[in-house]
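Undergrad: Please find one structure pasted underneath; my questions will follow.
The values are calculated or read from the model by the stated rules, or taken from the named source; none is laboratory data. Computed from a predicted structure; not experimentally measured. Positions of Cβ are generated from backbone atoms using ideal geometry, with glycine treated the same way; all protein chains shown enter the neighbour counts. Calculation scope for accessible area: heavy atoms of the full protein, side chains included, ligands and nucleic acids excluded. Shrake-Rupley method; radii C 1.70, N 1.55, O 1.52, S 1.80 Å.
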Amino acid sequence: QVQLVESGGGLVQPGGSLRLSCAASGSRFGIGVMGWYRQAPGKQRELVATITSGGATVYADSVKGRFTISRDNAKNTVTLQMNSLEPEAPAVYYCNALRHGVAYWGQGTQVTVSS
């Protein structure tokens, strides 16, 4: 079992920045891809960014050039730096980790971009 705990969400003005962090605990050995997903009310959960243990990254087109995902394998943490945030519906950001074919999710952290 892997437990994921996110932190860093909140309210930010358009154009501002937020940094989300996620720490994995429990059976941390063998964690492969980690990433961030988000879900707005009434919408499906969507990929924001992922990163492998080797550092290869994938970003949603909507966040390319504005968001940066990074990872500390020794600490089993993953961070999402979000810059130039755009006004949009509030969304819950979820941390995700894959371990031996099993997907684990955090409880989510709310991000609201509004003036």
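Undergrad: Go through the range 63-88 and count every residue that is farther than 13 Å from G10 by Cα and either in a strand (DSSP E or B) or at pLDDT 95 or above (or both).
TA: 18
Undergrad: If you go through the range 1-46 one residue at a time, how many are polar (S, T, N, Q) and crowded, with 20+ Cβ neighbours inside 10 Å?
TA: 0
Undergrad: Something else about it: Considering only residues of the range 74-115 that are of a type in the set (S, T, N, Q) and farther than 23 Å from S27 by Cβ, which is surrounded by the fewest Cβ atoms within 10 Å (Cβ to Cβ)?
TA: S115
Undergrad: Okay, moving on. Could you please give the count of residues in the range 89-115 that are at pLDDT 95 or above and not in a strand (DSSP E or B)?
TA: Residues that pass the stated criteria total 3.
Undergrad: Mind checking whether some residue in the range 48-55 is open to solvent by 60 Å² or more (accessible area, probe 1.4 Å) and in contact with a Phe, Trp or Tyr (Cβ under 8 Å, 6 or more places away or on another chain)?
TA: Within the range 48-55, not a single residue is open to solvent by 60 Å² or more (accessible area, probe 1.4 Å) and in contact with a Phe, Trp or Tyr (Cβ under 8 Å, 6 or more places away or on another chain).
Undergrad: Between a residue in the range 26-44 that is outside any strand (DSSP E or B) and any residue that is among the small types (G, A, S), which pairs come within a Cβ distance under 7 Å, given they are 6 or more apart or on different chains?
TA: A40/A89; A40/A91; P41/A89
Undergrad: Quick one: in the range 77-115, of everything that is touching a residue at least 60 places away in the same chain (Cβ under 8 Å) and of a type in the set (D, E, K, R), which residue is nearest to S17 (Cα to Cα)?
TA: Restricting to residues being touching a residue at least 60 places away in the same chain (Cβ under 8 Å) and of a type in the set (D, E, K, R), the top hit is E86.
Undergrad: Given V33, V102, which one is hydrophobic (A, V, I, L, M, F, W, C), within 19 Å of E6 (Cβ to Cβ) and more than 13 Å from the chain's Cα centre (by Cα)?
TA: Exactly one of V33, V102 is hydrophobic (A, V, I, L, M, F, W, C), within 19 Å of E6 (Cβ to Cβ) and more than 13 Å from the chain's Cα centre (by Cα), namely V102.
Undergrad: Let me ask you something else. Could you say whether any residue in the range 54-76 is in contact (Cβ under 8 Å) with a residue 60 or more places away in the chain and hydroxyl-bearing (S, T, Y)?
TA: No, there is no match, as no residue in the range 54-76 is in contact (Cβ under 8 Å) with a residue 60 or more places away in the chain and hydroxyl-bearing (S, T, Y).
Undergrad: Considering the range 58-73 alone, what residues qualify as being open to solvent by less than 60 Å² (accessible area, probe 1.4 Å) and not acidic (D, E)?
TA: The answer is Y59, A60, V63, R66, F67, I69, S70, R71.
Undergrad: Only one of these conditions is not met by I69: (1) at positive phi; (2) under 10 Å from the mean Cα position of the chain (by Cα). Which number is it?
TA: Result: I69 passes all but (1).
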